[in-house]
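Since every read-out is calculated from the coordinates, none of them should be taken as a lab result. Not measured: the values here are computed from a predicted model. When we count neighbours, we look across all protein chains shown, and the Cβ atoms used for this are built from the backbone with ideal geometry, even at glycine.
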Amino acid sequence: MTVTGSEFTRRFEQHILPERFTKIRTYVYLSRGRHQRINDVLKNMKLPLHKGLVKIPLQLHIMERYGIDISECTCYKGKTMQLIGYIIPGRRQMMDKKIKAG
C-alpha cells in the first residue's frame, strides 16, 4: 500500500498515547480464570464446553516433532533404555521414578 506523507504521519500519530497515559504491555491479569469464564459463558448460551488441554508425554512429543526415539540407545540401536530415576540439581539423592504395573 502506498500512502502520502501526511497520511502516514496521521496513522503513526494514532499509536502515540496522550500525556499521563501508560501503555499496558501485557494482559496476563486478564488470563487468570479465563477458561472457567469462557466455559461459564458457553454453558449460559447452551453451547458445548471447551475440552481441557491434552498432555502429550515427552517421549511421544519428541518422536512426532523430531523423529527421535529417546528410549533407543544411541550405542546399541536395537536395545531400548528405560528411565529408572532422575537427578534434581541442588539435591544429593537421585529420585526414583515410580513405575506402574500395566
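Excluding residue 35 itself, calculate the net charge of residues whose Cβ lies under 13 Å from the Cβ of residue 35, where each Lys or Arg counts +1 and each Asp or Glu counts -1. Show your work: numbers first, answer last.
Numbers: positive: 32, 34, 37, 43, 51; negative: 40.
Value of the local net charge: +4.
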query: Each label point is 7 Å from the Cα along the Cα-to-Cβ direction; what then is the distance between the points at residue 75 and residue 37, in nm?
result: 5.5 nm
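Tell me the relative contact order for region 30-91 as a rounded percent, counting alpha carbon contacts under 8 Å between residues six or more apart.
Details: 23 pairs, mean separation 8.2, N = 62.
Across region 30-91, relative contact order equals 13 percent.
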